[in-house]
Amino acid sequence: MYIKGVGMTKFGIQGDASSHLVYEAVLEALNDADMSMEEIDAIVVSSIELNSNGERQKHSASMVSSLLQKKAPILSVPAGCAGGGTALWASIKFQKSGNYSNILAVGFDKIIANTSRKVTDEILMGGERVYEQTEGMNFPAQNALVAQQYMMKYGATTDDFALVAHKNHKNAFLNPKARFYKKSISMEEIKNSPIVASPLRLYDCSISCNGAAALVLSKDKADVEIAGSGEINDVLSPFEREDMTSLEATSMAAEIAYKEAGISPSDIGIAELHDAFTPLELISYEDLGFCRKGQGKEMIRKGVTDIDGKLPVNTSGGLKAKGHPISPTGIAQVYEIMKQMKGECGTRQVKKPKYGLTHNIGGVGSMAAVHILKNLS
């Protein structure tokens, strides 16, 4: 299976209706694929379908049908922060199981339109057990507990987390579609930013925004192939797991993807990882097999994952600085890898990689989708 085209909006605070965001992303993907909507056989849509974004529209599949004037099988796959990656995984399975040559995968959400109370109740606490929610256990608090355990076990420091944030903000500075495009953030600002949930500071946390992303998956040969795909769900709460400092869903999904692609982690030349909170990027280096457990801090300290390093990570700016509009994120990661493989990333362009990896997490490791792209050009 091949990716024929990709599209995405700018990730930001734009007030456009969800339908406008979807249309913009889909139009770019179709133009990139040199295809028309008539050639699309099925659609997979992911959105958290909030009833609080001012639009009162929860039936996203039929909304997309109306918008694109397309009568076809349309699957709705809400999967929280892993929505985009899960939509691609589902598209691959859908394509294999049916007579569908071309499938459009779309992720969209409007987060900025929500009130702070709605964001807290419906999003930030929506991925925790009910009894955790009553104790105020939202996403930043859960990730802070994971970070504390990781620091104690492996000797990582808040300076290591700051290096992740600084790297990704430098990359986003070069990305016109990023929330922090042309916005410089110094190391001093990062280290002195307010505490959100100790040890996490403001710049350790990804930024909410609005946006949409789309891609066209095809059986017809193209320059970029989906070489491997894995998706795994795990228990909801980190404390229910044997080791809070490792996200087993990531390592299991990656194992499937590597096996399908017939490669090892050392073959990956570029990666877009789910850095919703900076410690997650370090943990993901380890869970994806890029280094041994506890050695993620060494990769960031030595510049291995810088844009000019041996393994560039989050050249788009990542969730941290490109922005994290929830459901579009996993598809937006594919967008960046595709553009890098085509040599279309301008001043943030790296040496064209043969293999790229995308990694999309839902909750605090309660699910993960990993995809491996192969450059055939």
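Bear in mind these aren't lab numbers, they're just calculated from the coordinates by the rules spelled out. Note that the structure is predicted; figures quoted are calculated from it, not measured. For neighbour counting, all protein chains shown are included, and Cβ atoms are generated from backbone atoms with ideal geometry for every residue, glycine included.
Looking at the chain, the DSSP beta bridges with both ends there are about 75 percent antiparallel. Taking a ≥ b ≥ c as the square roots of the Cα gyration tensor eigenvalues, the range 160-219 comes out prolate, since a/c reaches at least 1.5 and a/b is larger than b/c.
Apply 1/(1 + (r/R0)^6) to the Cβ-Cβ distance of Asp16 and Glu255, taking R0 = 51 Å, and write down the FRET efficiency to the nearest 0.05. Walk me through the intermediate numbers first.
Values: r = 40 Å, r/R0 = 0.78.
Here the calculated transfer efficiency is 0.80.
In terms of surrounding Cβ atoms within a 10 Å radius of their Cβ, Thr245, Thr315 rank from fewest to most as Thr245, Thr315.
Does the range 214-323 classify as rounded, prolate or oblate by the C-alpha gyration tensor (a ≥ b ≥ c root eigenvalues; a/c under 1.5 gives rounded; else a/b over b/c gives prolate, otherwise oblate)? Walk me through the intermediate numbers first.
Details: a/c = 1.57, a/b = 1.20, b/c = 1.31.
Because a/c hits 1.5 or more and a/b fails to exceed b/c, the range 214-323 counts as oblate.
Within the set of other residues whose C-beta is less than 15 Å from the C-beta of Ile43, count the net charge using Lys and Arg as +1 and Asp and Glu as -1. Spell out each step's value before the answer.
Numbers: positive: Lys4, Lys70, Lys71, Lys93; negative: Glu38, Glu39, Asp41.
Taking every other residue near Ile43 into account, the sum is +1.
Estimated at 0.36 nm per residue, the fully extended path between Leu27 and Arg292 surpasses their Cα-Cα distance by 91.2 nm.
When the charge dipole of the chain is built from unit charges on Cβ atoms (+1 for Lys and Arg, -1 for Asp and Glu) and taken about the Cα centre, the candidate among Met341, Met137, Gln95 whose Cα reaches farthest toward its positive end is Met341.
For the chain, the dipole from Cβ point charges (+1 on Lys and Arg, -1 on Asp and Glu) about the Cα centre works out to 720 debye, to the nearest 20. Computed per residue of the chain from DSSP H runs no shorter than four, each worth -39500 (n - 2.57), the mean residue ellipticity at 222 nm is -10000 deg cm²/dmol.
Note on Val235/Lys310: beta-carbon distance plugged into 1/(1 + (r/R0)^6) with R0 of 45 Å gives a FRET efficiency of 0.85. Given that just one value was derived from the coordinates, which of [x] 55, 44, 40; [y] 73, 53, 39; [z] 68, 52, 32 is Cα extents along the principal axes in Å? Evaluating Cα extents along the principal axes in Å on these atoms matches [x].
Highest-first packing order for the peptide set 362-375, 23-36 is 362-375, 23-36, based on the mean count of other beta carbon atoms within 10 Å. Of the residues Val313, Ala147, Ile372, the one whose Cα sits farthest toward the positive end of the charge dipole of the chain, with +1 on the Cβ of Lys and Arg and -1 on the Cβ of Asp and Glu, is Val313.
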